[in-house]
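Since the structure comes first, as structure tokens, the remarks are kept for the end.
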Amino acid sequence: MPELADISYSGRRTIAAVTDYYKFLTKLYLKDSQVIYPPATGWPSIVNASLNVRVSFGKSEEVLSLLAHLPYIRSPSNFTDEAEGAPGCRFADWQALFALLTTPEGLTTVEELRVLTEGDEFSALAPPHTIGLTCGGRENPIMVLDTKLGIIHWEDCPPSIEQGNYDKTVEYEPPEDEDDSDDEVPEEEVEWRQSAPAFAIKDFFAILKDQFKKLHWAPISQHTVWSADFSVRPDTEGIVAMLQDIYREHGWPDLTRYRKAECLEAVRSAMRVRYSSSVDPRDNQAA
């Protein structure tokens, strides 16, 4: 089990880990166009945000710099091409969210974004050096990255992942020197952090990739990912085994043999025949 004291944060390494993960997803199921990359100077909507917006956002310059240089799974305004980056999980497209913050119409507020990206409980406690990685409805998982500690907390992390990666889980302990007001952590925040499993940033994305490699998670389209942890209804029984067979038949997880287009078409056809009630209307066209 990694010790918190042995983990450090690096913006460069974090950007590399996220980039590697998203590129991995494009090799498995995402369209290349669904992942967008920042210009060298950073996303304009974040870099050029007014001082008023940056201050009201309430996050550190380290966080803002990270968000300005991360790639994102595109969050289109019409949601027709919105894609999951894990089962039931939509990662936050912060360059688009900042654009919403700065519109004259005021399409969203900082408070709303905090709840959407950090959850009801942690959003009221979140210090400036943390940021939510996901954005969605109440069922969307909450994953909070800490640029001070170099870890990611995953609220309600599935037991199969938490228990299966016990040697990667980081045990959070507040600073021992409580006389230093800069390091003092509110009791409520400590309780949340200790209830939400944490992982070093690099380990976190490696664990997500491993779920796909082992087909514990399997895409049913270029928009939706199925998990073996999902509750099985009569109309979805056998879906995981079917998906695993199809992906393996098409060479997965060997990327030198994997035939992405053929595999996704085979998945699409099988889903329409056997599990039509679970097919997303966006997936009625060939991949």
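Values quoted throughout were computed directly from the atomic coordinates according to the rules given, and no laboratory measurement underlies them. Just so it is clear, the structure is predicted and the values come from calculations on it, not from any experiment. Counting neighbours? That spans all protein chains shown, and the Cβs are built from the backbone with ideal geometry, glycine included.
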Worksheet, complete the sentence: With Cα coordinates, the longest principal axis of the chain makes an angle with the long axis of helix 110-122, in degrees rounded to 10, of 90 degrees
Worksheet item: Tell me, what is the Rg over Rh of region 4-212, with Rh the Kirkwood radius over Cα pairs?
Response: 0.94
Fill in: Value at 222 nm in deg cm²/dmol, rounded to 500, when DSSP H runs of n ≥ 4 in the chain each add -39,500 (n - 2.57)
-11500 deg cm²/dmol
Worksheet item: How high is the relative contact order of the chain, in percent, counting Cα pairs under 8 Å that sit 6 or more residues apart?
Response: 19 percent
Practice prompt. Can you check what the net charge comes to around E61, using other residues whose Cβ is under 14 Å from the Cβ of E61 (Lys, Arg +1; Asp, Glu -1)?
Written response: +2
